[in-house]
Amino acid sequence: MSEITISITLLVVLFALLAGGVWVGLTLAGVAWFGMEVLTGRPAGDAMAMTIWGSASSWTLTALPLFVWMGEILYRTNLSENMFKGLAPWVNALPGRLLHTNVIGCTIFASVSGSSAATCATVGKMNIPEMRKRGYPDAQIIGSLGGPSTLGLLIPPSIILIVYGVAAEVSISKLFMAGVLPGILLAVLFSGWIMGWALLNPGKVPKAEDNLSFKQKIYETRHLIPVVLLIASVIASIYTGIATATEAAAVGVVGALILSASQGALTWKSFSESLLGATRLYCMIALILAGAAFMTLSMGYIGLPRQLATYVGSLNLSPEMLIIVLGIFYILIGCFLDGISTIVLTMAVVLPIIKAAGIDPLWFGIFLVITVETAQITPPVGFNLFVLQSMTGKEITYIAKVCAPYFFLMVFALVLLWFFPGFVTWLPAKML
């Protein structure tokens, strides 16, 4: 079968299962099983068992439930309300007001977790209830969380940048530095979109709660001290090399428990509710990850990613057209595979193509991560969409629709990076 026929067949199976109300994780596993049994003839049972077990027992993934638990603990204290008290005086003057706290919170937490799912879940747990309480529209709350939460893949520490650095033999330290300015650029674009929407829809933005003097704003910032200390302890433990991302997540949980206890909010009831809430959310995420891992294995057996990448290489395109085609290719394939799997399965073919075209592998690494970010909020398997669905109870199509402007902002950022590559290369070039 040709790659086009295989792709169409798998898409039909995927949408048929989703339309039947099958859970996303089970749908991915079902498509993978179908692909292996029908399109390759290989026995799928043992492979499915080993892959799902390997995915579920991964030590790297232990950071995710810990960060989710940290968010659940903070959600049951008044820390989230304090964060709003500290940030509100500074963002109230901006069009869109408190919606900017989603962008700021995601940007800060992305530098802690390195995971878009953990960023989405943690910041969402704190911010969604607070902004709903203040009367902000659901569409803007969810959209301004779904887009910025993808920064977890770009702003270091980023597992996906490490994977790319190993696969492409590019300095991981330089990749980390290269991701900083594009991450800030995206955050500025996201905030710019919120301001533009607010100026066009002034009646939909609640009024500012207070008009404070500069001195009063500084005084109100004291509410941020507990959150800043918690985030600083997690960041410091990673960047000083004292702790891995997983160990830093444990530091975050302990810090959240200490802060909760210091406020008198830590009771057996709040502790058990936070633990059960984190367990439920992570089990949903883990099931999707397990299904994605098995689907990745199935795609590898079928050879579809490699066939598509080889086909792109055979077109002999100019560098500009090559980047456009690869961007579309990675956005499409990212709808069905997780980012790390996408890179692992295609890098052996794509890397020689971009080197032959004279494209800097360092720049291409950041380009690749941003395209993978866009897939996090692209249906049918946009991972952050399902995290938001579990927290808001909204339909997946509704969530995808309100996140769509942020998808196009990321595409616009890719265009800017092509015309201004210094956004990527400037900081790494300044490294000693």
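The numbered conditions (1) under 30 Å from Ser270 (Cα atoms); (2) open to solvent by less than 40 Å² (accessible area, probe 1.4 Å); (3) in contact with a Leu (Cβ under 8 Å, 6 or more places away or on another chain) are all true for Ala198 except (1). The set of residues in the range 122-145 being buried (at least 24 other Cβ atoms within 10 Å of the Cβ) and either in contact (Cβ under 8 Å) with a residue 60 or more places away in the chain or of a type in the set (S, T, N, Q) (or both) consists of Thr122, Gly124, Asn127, Ile142, Gly143, Ser144, Leu145.
Selection of helices (runs of 4 or more DSSP H) fully inside the range 1-95 by the criterion of at least 2 residues being under 21 Å from the mean Cα position of the chain (by Cα) and crowded, with 19+ Cβ neighbours inside 10 Å returns 24-34, 63-75. Residues of the range 416-432 that are open to solvent by 70 Å² or more (accessible area, probe 1.4 Å) and either within 20 Å of Phe329 (Cβ to Cβ) or β-branched (Val, Ile, Thr) (or both): Trp418 alone. Regarding Val411, is this residue assigned to a helix (DSSP H, G or I), out of contact with any Cys (no Cβ under 9 Å at 6 or more places or on another chain), closer than 23 Å to Ala292 by Cα and β-branched (Val, Ile, Thr)? So Val411 does not fit the description; no.
If you filter the range 283-318 down to residues that are open to solvent by 40 Å² or more (accessible area, probe 1.4 Å) and within 23 Å of the chain's Cα centre (by Cα), you find that the one that is modelled with the lowest pLDDT is Met284.
Report whether or not Ile366 is open to solvent by less than 30 Å² (accessible area, probe 1.4 Å) and either over 29 Å from Ala290 (Cα atoms) or touching a Leu at 6+ places or on another chain (Cβ under 8 Å) (or both). Yes, satisfied. Could we say that Thr122 is β-branched (Val, Ile, Thr), over 16 Å from the mean Cα position of the chain (by Cα) and either assigned to a loop (DSSP other than H, G, I, E, B) or at pLDDT below 85 (or both) here? When the stated conditions are applied, Thr122 does not pass them. All conditions but one from (1) touching a residue at least 24 places away in the same chain (Cβ under 8 Å); (2) of a type outside the set (Ser, Thr, Tyr); (3) open to solvent by 40 Å² or more (accessible area, probe 1.4 Å) apply to Ala356; the one that does not is (1).
Here the condition is being in a loop (DSSP other than H, G, I, E, B) and under 24 Å from Glu169 (Cβ atoms); of Ile353, Ile359, it holds for Ile359 alone. Quick check on the range 146-160. Is at least one of its residues surrounded by fewer than 20 Cβ atoms within 10 Å (Cβ to Cβ), at pLDDT below 85 and assigned to a helix (DSSP H, G or I)? Scanning the range 146-160, I find at least one residue that is surrounded by fewer than 20 Cβ atoms within 10 Å (Cβ to Cβ), at pLDDT below 85 and assigned to a helix (DSSP H, G or I), so the answer is yes. The residue pairs whose first member lies in the range 243-256 and is modelled with pLDDT of 85 or more, whose second member is assigned to a loop (DSSP other than H, G, I, E, B) and not acidic (Asp, Glu), and whose beta carbons are closer than 9 Å, counting only pairs six or more residues apart or on different chains, are Ala250/Ala243; Val251/Ile242; Val251/Ala243; Ala256/Thr77. In this structure, is Leu229 part of a loop (DSSP other than H, G, I, E, B), touching a residue at least 12 places away in the same chain (Cβ under 8 Å) and not hydroxyl-bearing (Ser, Thr, Tyr)? The answer is no for Leu229. Checked against (1) more than 12 Å from the chain's Cα centre (by Cα); (2) at pLDDT 85 or above; (3) part of a helix (DSSP H, G or I), Glu130 passes all but a single condition, namely (2). Scanning the range 362-398 for residues that are in a helix (DSSP H, G or I), in contact (Cβ under 8 Å) with a residue 60 or more places away in the chain, closer than 23 Å to Thr279 by Cα and of a type in the set (Val, Ile, Thr) yields Val387, Thr392.
The values are calculated or read from the model by the stated rules, or taken from the named source; none is laboratory data. What you see is a predicted model, and the numbers here were worked out from it, not measured in a lab. Here the Cβ is made from the backbone with ideal geometry for all residues, glycine too, and neighbour counts use every protein chain on show. Heads up: the accessible areas ignore ligands, DNA and RNA and are worked out on the full protein's heavy atoms, side chains in. Shrake-Rupley method; radii C 1.70, N 1.55, O 1.52, S 1.80 Å.
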